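**Q** Structure provided below as structure tokens; questions to follow.
The values are calculated or read from the model by the stated rules, or taken from the named source; none is laboratory data. Just so we're clear, the structure is a prediction, and the values are computed from it rather than from any experiment. We place every Cβ from the backbone using ideal geometry, glycine too, and count neighbours over all the protein chains shown. Quick note on the areas: whole protein, heavy atoms, side chains included, nothing else; ligands and nucleic acids left out. Shrake-Rupley method; radii C 1.70, N 1.55, O 1.52, S 1.80 Å.
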Amino acid sequence: MRTWFWTLLLAVIAVALAVVLRSHSGNVLLLVWPWRISMSLTLAVLLIVAAFVVLYIGLRLLAWLLAIPDRVRAWRGKRAQARDHELLERGWIGLLEGRYSHAEKDLTKLLEQTKVQTRRVLAALSAARAAHGLGEFDRRDRLLANAQEQAGTDPGLVEATATVSADMLLDQGRAERALAVLSPLADGGARHLHTMRLLLRAHTALGHDEQVFTLARGLLRRNALARTEGDHLIDVAGAARLRAGAASDAWRAIWKDLKAEERLLPEVALAGASAFEAAGEANEAAKVLEAAIAVKFNPALVAAYARCDAEQVSRRLAKAETWLQQRPTDPDLLTALGMLCLNGQLWGQAERYLLRSLSRRSDAQTHALLGSLYDRLDRPADAVRHWRLATAASMALPVLAADASLPAADIGSDPYRVDAEGGYAVGLSDADADIGGDYPALPPAVAASASDYVLDPDARASKEQQARALAPEDAPVAGGSSDFDEYFDSAPIPAAAFDSPVPSYSPVPPAAPAVPKPAAPAAPVPTTKPPFKDDGSL
């Protein structure tokens, strides 16, 4: 629009000048010694305009030539700025994607080549964030120190360095160090939302209830904290303040400082009711719990409401029965009613409430209350049963398997296993002894079973041994003979027996028939392997 305006204006001026020059003819005389120049007025005007144009173009050209060094410097600066922006953009994209190694490489390169102070601080802080993501905390601390050095005295850069450092220190779990970094900002009156959030995290980790309470209140007032999170922090910190002030009787001032909605929080209500109970103001404690339960039904509040003296039972029982009309199947409320009845020595009503609670949920406290009730009613069997159920409900008891057993040990390859004949069975397992040969397997009544090897060392006797131990001394033992028992000897083996050759247990080949010769009668050799009995008898 401006171009069209100036073009139109110049055209109007040219037309007007042409009209004036045409209507006013005349000459212009120039006296330049030693010359005398005469020309028309029109030519003189044209020469003046041409000279102006030439002079303007010449001056502009001269200014352009003189500004070449500045333009070169500006061009180099723009190119360096473009490279810095490219590295910064690429590093931040890698940082947001989680590619911390690539991001740290680009940001460290930017830190080395850039000349701008703010850009150096930004590159150092971003590279420290990438090193923190990689778990390189030493390198991160060096980059943070570099950023702090580059920030100088600039308040904005100093605050940025402090907040970034505190955030990473809190992620690492170093709350004390983070609070030391943020302390100058807090002392200087900094009230930025991010700084307040970091201070809240640090004080919460260190358990500073006063600061947590104040900061959570401030952030909730500025809508900078979620309502649920803020209420939880205020609830925990406010209850801790009340419990800490209960010893010095300063809790009343703390209670008055709380807002109406803060007194209805569960932990705050419990701490306040406990303080009123300790001060002997049971009615105030009941009012505090009733107001909190009316807002949100909490089992801990109901259980605290049920713990009272006998004088408060009738009032609290009537109030709790009104809640039961709204929640007739709530097991926590039924247990609380049973506890109130126990405090008031209303045994039958207490039993009904507790049994109704157990029909909804098996709870250790309810079983324990029933056990105490039956103990007062002189019903020891029921009391013991419910106390056992309370123990089982409160912890996972192991199931004791009485029939659990260990498998029988394989001692066939034991080189020091002694055979009943006095030799050593080498390389022969129990399975081999049961197959073929002159030594058949032991009868089932005598063979050891897996159930004989139990964990209890007092139960390592077989069923046959147990029966023999319980039988009279003169009773015969089933499955064996006293002659065989007396035949074997369990005395220690002499050392010379270890040098004797090891007999084999291969089957004996049948002998060729021979002519019988008269000989003296010999003692019969047993053809079957009798059961081995190691009871110390000869």
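**Q** Are there any pairs, at least 6 apart or on different chains, whose C-beta atoms fall under 8 Å, with the first in region 38-59 and at negative phi and the second modelled with pLDDT of 80 or more and in a helix (DSSP H, G or I), and if so, which?
**A** Taking only residues 6 or more apart or on different chains, the pairs are M39/L47.
**Q** If you scan region 275-293, which residues turn out to be touching a residue at least 24 places away in the same chain (Cβ under 8 Å) and in contact with a Leu (Cβ under 8 Å, 6 or more places away or on another chain)?
**A** Within region 275-293, A275, A291, A292, I293 meet the criteria.
Each row is one residue, and each column tells you yes or no for (1) surrounded by 11 or more Cβ atoms within 10 Å (Cβ to Cβ); (2) in contact with a strand residue (DSSP E or B) (Cβ under 8 Å, 6 or more places away or on another chain); (3) of a type outside the set (D, E).
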{"residue": "I68", "(1), (2), (3)": "no, no, yes"}
{"residue": "R73", "(1), (2), (3)": "no, no, yes"}
{"residue": "R83", "(1), (2), (3)": "yes, no, yes"}
{"residue": "E86", "(1), (2), (3)": "yes, no, no"}
{"residue": "E89", "(1), (2), (3)": "yes, no, no"}
{"residue": "W92", "(1), (2), (3)": "yes, no, yes"}
{"residue": "H102", "(1), (2), (3)": "yes, no, yes"}
{"residue": "K105", "(1), (2), (3)": "yes, no, yes"}
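**Q** Follow-up question, since we're still on this one. Only one residue in A11, A44, A63, A51 is in contact with a strand residue (DSSP E or B) (Cβ under 7 Å, 6 or more places away or on another chain), over 30 Å from L110 (Cα atoms), open to solvent by less than 100 Å² (accessible area, probe 1.4 Å) and part of a helix (DSSP H, G or I), so which one is that?
**A** A44
**Q** When residues of region 176-193 are filtered for being over 19 Å from L220 (Cβ atoms), open to solvent by 90 Å² or more (accessible area, probe 1.4 Å) and modelled with pLDDT under 85, how many remain?
**A** 1
**Q** Which one of E159, E136 is more than 30 Å from D187 (Cα to Cα), modelled with pLDDT under 95, among the acidic types (D, E) and under 36 Å from the mean Cα position of the chain (by Cα)?
**A** E136
**Q** Another question, if that's okay. For region 181-222, give me each residue that is among the charged types (D, E, K, R) and in a helix (DSSP H, G or I).
**A** Within region 181-222, D187, R197, R201, D209, E210, R217, R221 meet the criteria.
**Q** Looking only at residues that are outside any loop (DSSP other than H, G, I, E, B) and touching a Pro at 6+ places or on another chain (Cβ under 8 Å) in region 275-311, which one is nearest to Q365 (Cα to Cα)?
**A** The selected residue is A300.
**Q** If a residue has to be closer than 12 Å to D141 by Cβ and not in a helix (DSSP H, G or I) to count, how many in region 154-180 make the cut?
**A** Residues that pass the stated criteria total 1.
**Q** Here's a follow-up. R385 - would you say it is open to solvent by 50 Å² or more (accessible area, probe 1.4 Å), assigned to a helix (DSSP H, G or I) and either more than 30 Å from L265 (Cβ to Cβ) or in contact with an Asp or Glu (Cβ under 6 Å, 6 or more places away or on another chain) (or both)?
**A** For R385, the condition - open to solvent by 50 Å² or more (accessible area, probe 1.4 Å), assigned to a helix (DSSP H, G or I) and either more than 30 Å from L265 (Cβ to Cβ) or in contact with an Asp or Glu (Cβ under 6 Å, 6 or more places away or on another chain) (or both) - is met.
**Q** Which one is surrounded by the fewest Cβ atoms within 10 Å (Cβ to Cβ), of the residues in region 120-146 that are over 18 Å from R174 (Cβ atoms) and in contact with a Ser or Thr (Cβ under 8 Å, 6 or more places away or on another chain)?
**A** Here the answer is R120.
**Q** Suppose the filter is open to solvent by less than 80 Å² (accessible area, probe 1.4 Å), within 30 Å of L219 (Cα to Cα), touching a Gly at 6+ places or on another chain (Cβ under 9 Å) and not basic (K, R); does M196 pass it?
**A** yes
**Q** Mind checking whether some residue in region 151-169 is surrounded by fewer than 20 Cβ atoms within 10 Å (Cβ to Cβ), more than 18 Å from H194 (Cβ to Cβ) and out of contact with any helix residue (DSSP H, G or I) (no Cβ under 9 Å at 6 or more places or on another chain)?
**A** Yes, because at least one residue in region 151-169 is surrounded by fewer than 20 Cβ atoms within 10 Å (Cβ to Cβ), more than 18 Å from H194 (Cβ to Cβ) and out of contact with any helix residue (DSSP H, G or I) (no Cβ under 9 Å at 6 or more places or on another chain).
**Q** Further question: I'd like to verify a number: residues in region 272-294 that are farther than 18 Å from G230 by Cβ and open to solvent by less than 30 Å² (accessible area, probe 1.4 Å), how many?
**A** The number of residues fulfilling the criteria is 10.
**Q** For region 344-355, give me each residue that is surrounded by fewer than 18 Cβ atoms within 10 Å (Cβ to Cβ) and either touching a strand residue (DSSP E or B) at 6+ places or on another chain (Cβ under 7 Å) or part of a helix (DSSP H, G or I) (or both).
**A** Of everything in region 344-355, those that are surrounded by fewer than 18 Cβ atoms within 10 Å (Cβ to Cβ) and either touching a strand residue (DSSP E or B) at 6+ places or on another chain (Cβ under 7 Å) or part of a helix (DSSP H, G or I) (or both) turn out to be W347, G348, Q349, R352, L355.
**Q** Quick one: in region 107-119, which of the residues that are out of contact with any Lys or Arg (no Cβ under 8 Å at 6 or more places or on another chain) and buried (at least 18 other Cβ atoms within 10 Å of the Cβ) is farthest from D84 (Cα to Cα)?
**A** The selected residue is T108.
**Q** Can you confirm whether region 250-263 contains a residue that is within 31 Å of the chain's Cα centre (by Cα), open to solvent by less than 50 Å² (accessible area, probe 1.4 Å) and without any contact (Cβ under 8 Å) to a residue 40 or more places away in the chain?
**A** There is at least one residue in region 250-263 that is within 31 Å of the chain's Cα centre (by Cα), open to solvent by less than 50 Å² (accessible area, probe 1.4 Å) and without any contact (Cβ under 8 Å) to a residue 40 or more places away in the chain.
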